[in-house]
Amino acid sequence: MRKLFAEFIGTFVLVLFGCGAAILAGQYIGYTGISFAFGLAVMVMIYAVGPISGGHFNPAVSVGLCCAGKFEWKHLIPYIIFQCLGAIAAAGILYLIATGVAGGGIDVGGFAANTYSTYTLCAALLTEIVFTAVFVLIIIGVISKESVTSFAGAAIGLALAVIHLVTIPVTNTSVNPARSLSQALFATDPAAISQLWVFWVAPIAGAILAALIWKIFLEARVTAKKKK
């Protein structure tokens, strides 16, 4: 339960800070500020509770680590459940804040949910698959090298920030099904729910792709270097 609660808290803070920046401060800080809010949130929580649970905070990351042999399959479903619960709890708090404007509530609109409108479905799928694959591959890589383990949080956080900088205009950046689910539940834009499947299928597919790339092309070389 300590591990599951750590995943709950980590995902809660990720959504609270990242999506909170988009919903409450987006007009002031822009894409750059929102991107670094997500990156810094995941970085600080990796250092805060990562030693307890591994610091996944993302169902796609958990799936990718299982496929890469870095995480036990028996823990996958409980991790995903608590990640989603943490994200939903944070989204609920953001909803109460966003609708608590003095003089009357406001229409939360898209509520930082993941959708695609300017781009096609194929473009959205490709974006989420490729960038999630890159993200998960970075995570697998940094936790597989003993010499840089202490910098893993910084590397992962910066990677997430850069991913947001590139992909916010396309899909509002998911690479995290729990984050997508939580915002879709509170958004008034009907596309948030109807397109939600994209932001589960594509990130998980990307995570599996990353694990395959690691296992086939990279793992043997890292192992060989450690033996030397």
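Data table
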read-out	value
In degrees, nearest ten, helix 152-171 long axis to first principal axis of the chain (Cα)	50 degrees
Value at 222 nm in deg cm²/dmol, rounded to 500, when DSSP H runs of n ≥ 4 in the chain each add -39,500 (n - 2.57)	-24500 deg cm²/dmol
Cα point-scatterer Debye curve for region 79-209, base-10 log of I(q)/I(0) at q = 0.13, 0.22 Å⁻¹	-0.59, -1.30
Förster-model FRET efficiency, 41 Å R0, Lys3 and Tyr28, C-beta, rounded to 0.05	0.65
Cα long-axis angle, helix 2-53 against the chain (0 to 90 degrees, to the nearest 10)	50 degrees
Within a Gaussian network of the chain (alpha carbon springs, distance under 10 Å), most fluctuating of Ser35, Ser144, Ser117	Ser117
Ratio of Rg to Rh over the chain (Cα coordinates, Kirkwood Rh, two decimals)	0.98
Kirkwood-Stokes translational diffusion coefficient of region 1-93, alpha-carbon pairs, 10 °C, 1.306 mPa s, µm²/s	119 µm²/s
Degrees, to the nearest 10: 121-143 long Cα axis against longest axis of the chain	50 degrees
Region 46-69 and region 116-146: distance between their alpha carbon centers, rounded to Å	16 Å
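Computed from the coordinates by the stated procedures, all read-outs in this text should not be read as laboratory data. Here the structure is a predicted model, which is why all the values come from computation and not from measurement. When we count neighbours, we look across all protein chains shown, and the Cβ atoms used for this are built from the backbone with ideal geometry, even at glycine.
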